[in-house]
Structures are given as structure tokens and as C-alpha cells.
Amino acid sequence: MSDLPLQCQNLKEQVEFILQLLQQEPTLRSQDITSVRTSLSKAISPKFEIVFAGAFSAGKSMLINALLERELLYSAEGHATGTECKIEYAEVDKERVVLTFLSEAEIREQAVSLCQQLGFKTVPNINQAEVINLLRQGSEAIIQQEGGESQSERAKQAKALMLLLEGYIANSDRINTVNNATYSMEQFNFSNLKEAAGYARRGSNSAVLKRIEYYCNHPLLQDGNVIIDTPGIDAPVEKDAQLTYAKIQHPDTSAVVCVLKPASAGDMTKEETELLELMRENGGVRDRVFYVFNRIDETWYNTQLRQRLDDLISGQFANSRKVYKTSGLLGFYGSQIKQTSPQDRFGLDSVFAESIKGLDGKEETPQFVYAFNNYCVNSGKLSSSKFRVSVNGFETPNQNYVRILGDWG
């Protein structure tokens, strides 16, 4: 505060003194001073709210994980959560998570909505085991018919219903009938942020969480930056999608990071197009939007995808200078393998230990390894005169990965 003008250095005390004088005047006591206190709070402790918005599976959560270099948010395919996540700064020894659950009434409302969309005639009484079993069986049948849980809107809705019911059963002792119950991570016996984040990331848990507040130590957050991850604009529950639109247009929102997926999908989805139109028509929103095309690694070995993305950017985004291409996958896992060494095969035996276990005993290849190898050889990002990197056909992708990092660091 020492850089402020002298008259502003005791701003809080001065405002409080004026408010006290206000209360002493009988004709002014009824005045609502809420807005004054809100403005004071923003002035003495400013926060810069950065909202991440986009469609289901665009990779918002993975991108945030990459920025913070920690696995905080759920980032798996096949999952669409209506949970709003807020991430603020905390000192190292004060990191924590606050979890707020949906009420039983809100869960029942969501279940009814999803059942109607899926065409189920069963009344979703979430307190009857036989009804839940019928709904689960019906949802599983739909997912199988659609060819997978992320293959269609109907399959996504069926998966969302399954996770909602599973989450309610698993957390029924923590869920209130009408009110939203809030818990600290100590009430769950979590000793650190990693344990609490692991619980919150589980699909069935996040399905019944209304809000997650992370207090995390990272330089990006230190100056008052607050990162907010919103539900997908194409979330299976309409009310969840509307939460995102409301947050984008909220006056407290300082910047919007619009995460788009044409780099992997080839084209803009209907929901992405509608979101762009809304932001471009709203002058108050338009000037604070940054467009991020995630999963750029998928264009490095697909000429058609790369051309379609380039045409889209040069056409629809020709007038915007705030357009970026990136890979949350490479960014996040790249930050993790910096702590690894040849002794654990640069993370294959630690960071990726679970994902490489094959059912038949044959070692699986993590998605990051494929992306990393493609980056080195096909992306054109590495200078061929400085890095003579090769991917050998006689080696497995994992062997190539270890050799490349061993040779080039």
C-alpha cells in the first residue's frame, strides 16, 4: 500500500469512519451500504477472476492443471460435471479444499430431468434401491447402444445419470435434504490438497458436488488471480450449462478463456458457435475474451485437421489478436516429468505407473507418450539442425520416449 497516494493508504479506516457517521444520522440509517462495502473489499483486496469456458471434453480442466502444474481438476474423457470450481491463492502451509454438496432436492431434480431426456418412464426415486438399479441398467444399455459413453449426447446423459446416482449413494450421509452442506477437507480426514483433490476428481463424487473451492500455492495466483472452471456449455443438465453463460457475463468476471476443440474435432460444435455469437454480440464480454484452441498436438500428424483449423482461424477469427494454440496434455505432463529421471524411465514407473498396466501383461502406452513422440518428430517445433530426433520402428513407443529424453533431456 506504500505506493498509493497518502489519502488512499488508510482507505479502509476512512470508509469505516464515514459509515459510522452515516449511522449516527437518523435519516440516513436505513440506507443500504452493501455496495459500499463490496467496493471497499475490491479496492483493498482486488481479485482478477479468470473464467474458463468451453464444451464438454474441450480440455478446460487439463489446461488449468497444466497452468498450475498440479493435478487438481477432473480431466478425463467421458465425464461431464456441473460443478463450479474456484481456485485461489494460499500459503504453502494453508492449502485446503472446501466442498459444497448439492441438496437431495437438487439431485432429485437433476435425476428427473435426465430421465425425461432419456425417455425413462420410471419415476426416479433416489431412495429406492430397486429403482436405482433399473435406471442404472437402462443407462448402461443406452451407452452400449450408442457405442460408448462419449459418442453421443444421449450417451453423455446416460453416463451423467449413472454418476449422479452413484454419487448420491456413496455420499448420502453428507447430503442434506434441502440445504447445501459444506465441509472442510479436515472433516473428510484429508491431510493435504492432493488427497482432497483426488476425492473431488472422482466422477461419482463430482456429480453431487455443487461447488469446489481450492486454495492452492502457485505464483500465478499470488497477485489476486482467481481461476474458475465452469460446467461445459453442452452439459447434459441444461441448468449446468446456464451457470457457465451467467458466469461469463457476470460483472465480477475479469477475463474469459474460451477453450475450443476444433483442433481435434475438425469443426466448431453448435454450442461453441452459439457461445462465440453471444460473446461477440456483448460488448462488455467481447473485449475480455481469449480464444484457446486446445489439443493442437492432434493436428501434427493429420494434414486435413491442420488445414481445417488454419482455415477456421483465418476466417472466423481473422479480426482477433487473442487466439492461441496449445496442448494441455503436453503442458501438464511436461511439468510433471521435469521431476523424473532415467531411474523411473522418466515417469513411466511413477507418473504413469497405473496407466501402463496392460491386462495381458503387455505394457500400455500413455496418451502423453504418443503426443510427446509426435511433438519431437512431426510437429516441426524442434530445429532439425540442433535436434536429430528419430522415432524408431523397431522400438516400442515407450522405448522411443525413454531414449529421446535420455539423449536430449
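When K362 is tested against the conditions (1) crowded, with 16+ Cβ neighbours inside 10 Å; (2) part of a loop (DSSP other than H, G, I, E, B), the lone failure is (1).
Specify which of the listed residues (G82, G59) is at positive phi and either at pLDDT 70 or above or not β-branched (V, I, T) (or both).
G59
Of all residues assigned to segment 222-238, at least one qualifies as being more than 30 Å from K94 (Cα to Cα), at pLDDT below 85 and assigned to a helix (DSSP H, G or I). Within segment 219-227, is there a residue that is farther than 21 Å from K322 by Cα and aliphatic (A, V, I, L, M)? The answer is yes, given that some residue of segment 219-227 is farther than 21 Å from K322 by Cα and aliphatic (A, V, I, L, M).
Restricting segment 217-242 to residues that are of a type in the set (D, E) and farther than 13 Å from A160 by Cα leaves a set whose member that is least open to solvent (accessible area, probe 1.4 Å) is D229.
Restricting S184, S206, S191 to residues that are over 25 Å from V112 (Cβ atoms), among the polar types (S, T, N, Q) and in contact (Cβ under 8 Å) with a residue 60 or more places away in the chain narrows the list to S184.
Residues in segment 106-132 that are open to solvent by less than 20 Å² (accessible area, probe 1.4 Å) and among the β-branched types (V, I, T): I107, I126, V131, I132.
Across segment 174-201, which residue is farthest from E109 (Cα to Cα) among those that are assigned to a strand (DSSP E or B) and open to solvent by less than 70 Å² (accessible area, probe 1.4 Å)?
Of the residues in segment 174-201, the ones assigned to a strand (DSSP E or B) are 182-184.
Filter again for open to solvent by less than 70 Å² (accessible area, probe 1.4 Å), leaving 183-184.
Working: Y183: 23, S184: 26 Å.
It comes out as S184.
Given the criteria in a helix (DSSP H, G or I) and closer than 20 Å to N225 by Cα, does V292 qualify? Here the answer is no, as V292 does not meet what is asked. Going by the structure shown, is L278 part of a helix (DSSP H, G or I), touching a residue at least 60 places away in the same chain (Cβ under 8 Å) and surrounded by fewer than 16 Cβ atoms within 10 Å (Cβ to Cβ)? The answer is no for L278.
Looking only at residues of segment 110-126 that are free of Cβ contacts under 8 Å to residues at least 60 places away in the same chain, assigned to a helix (DSSP H, G or I) and of a type outside the set (G, A, S), we find that the one that is farthest from T177 (Cα to Cα) is L118.
The set of residues from segment 296-347 being in a loop (DSSP other than H, G, I, E, B), under 24 Å from the mean Cα position of the chain (by Cα) and in contact (Cβ under 8 Å) with a residue 60 or more places away in the chain comprises just one member, T326. Which ones in segment 133-173 are hydrophobic (A, V, I, L, M, F, W, C) and either open to solvent by 60 Å² or more (accessible area, probe 1.4 Å) or over 22 Å from A235 (Cα atoms) (or both)? Result: L134, I169, A170. Residues in segment 365-381 that are among the small types (G, A, S) and part of a loop (DSSP other than H, G, I, E, B) were compared, and the one that is most open to solvent (accessible area, probe 1.4 Å) is G380. Against the definition (in contact with a Lys or Arg (Cβ under 7 Å, 6 or more places away or on another chain) and open to solvent by less than 20 Å² (accessible area, probe 1.4 Å)), how does V208 come out, yes or no? Criteria not met by V208. Restricting segment 243-267 to residues that are open to solvent by 30 Å² or more (accessible area, probe 1.4 Å) and assigned to a loop (DSSP other than H, G, I, E, B), the residue that is farthest from I212 (Cα to Cα) is D267.
The values are calculated or read from the model by the stated rules, or taken from the named source; none is laboratory data. All values derive from a computational prediction rather than experimental measurement. Here the Cβ is made from the backbone with ideal geometry for all residues, glycine too, and neighbour counts use every protein chain on show. Surface accessibility is based on the protein's heavy atoms, side chains included, excluding ligands, DNA and RNA. Shrake-Rupley method; radii C 1.70, N 1.55, O 1.52, S 1.80 Å.
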